[in-house]
Amino acid sequence: MLALAALLAATADLAELPPQPFPPGSGCAIVLWTRGEPPRRIAMLAEARQTLRLVLDGRETELPRLPEPGAYGSAAVRVTLDISLEPAPGLPAANVASGVLRLERPGADELAIAVAGLRACR
């Protein structure tokens with residue numbers, strides 16, 4: 001029971017991301033949500049801007065791309081994405097077939113969340 005309480009406390013600083021604007025000409029984006037029930041939208045990767053948007057500590061935050069593959073962050077937080085895409089039959093999009101979002105903060109525990117998602121272009 002103590003482990004469950006620690007996990008819930010750790011995910012509390014990563015909140016659901018509200019719907020994001022995605023107007024024509026935006027390029028491609030990957031929206032990620034948790035695999036748990038109910039699924040929660042937790043991140044949006046804007047490929048053209050090379051940024052990752054999420055809600056940390058109640059604040060919508062946009063993290064820039066770092067030199068390492070799949071890494072985004074700042075001095076306060078680092079997020080690493082390990083995702084694989086597969087075509088979405090009948091759609092001009094791709095599904096996130098499998099994925100993990102890792103959240104690291106200096107001096108704190110690392111959080112790994114299994115994610116699903118969708119990549120689309122406009």
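A short reminder: the numbers here are calculations on the coordinates, not readings from a lab. Nothing here was measured: the structure is a model prediction, and the numbers come from that model. Note: ideal-geometry Cβ built from the backbone for every residue, glycine included; neighbour counts use all protein chains shown.
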*Crossing angle, helix 2-12 versus the chain [Cα axis fit, 0-90 degrees, rounded to tens]*: 50
*Sorted by average packing, counted as other Cβ atoms within 10 angstrom per residue and highest first, what order do 28-36, 100-108 take?*
28-36, 100-108
*Rank these for me by crowding, Val115, Val55, going from fewest to most other beta carbons within 10 Å.*
Val55, Val115
*Rank Tyr72, Val55, Pro24 by how far each Cα sits towards the positive end of the charge dipole of the range 2-121 (+1 on Lys, Arg Cβ; -1 on Asp, Glu Cβ) and give me just the farthest.*
Pro24
*Hey, what D do you get for the chain in µm²/s if you plug the Kirkwood alpha-carbon radius into Stokes-Einstein at 20 °C and 1.002 mPa s?*
143
*How large is ³J(HN,Hα), in whole Hz, for each residue of the range 64-77 in order, when computed from phi with the Karplus curve 6.51 cos²θ - 1.76 cosθ + 1.60 and θ = phi - 60°, using x for Gly and Pro?*
x, 5, 9, x, 6, x, x, 9, 9, x, 8, 5, 8, 8
*Calculated from DSSP H runs of 4 or more alone, at -39500 (n - 2.57) each and per residue, what is the 222 nm mean residue ellipticity of the chain, nearest 500?*
-2500 deg cm²/dmol
*So for the range 64-122, what are the equivalent ellipsoid semi-axes in whole Å, largest first, each being the square root of 5 times an eigenvalue of the Cα gyration tensor?*
27, 13, 8
*So how strong a dipole does the chain carry about its Cα centre when Lys and Arg Cβ are +1 and Asp and Glu Cβ are -1, to the nearest 20 debye?*
300
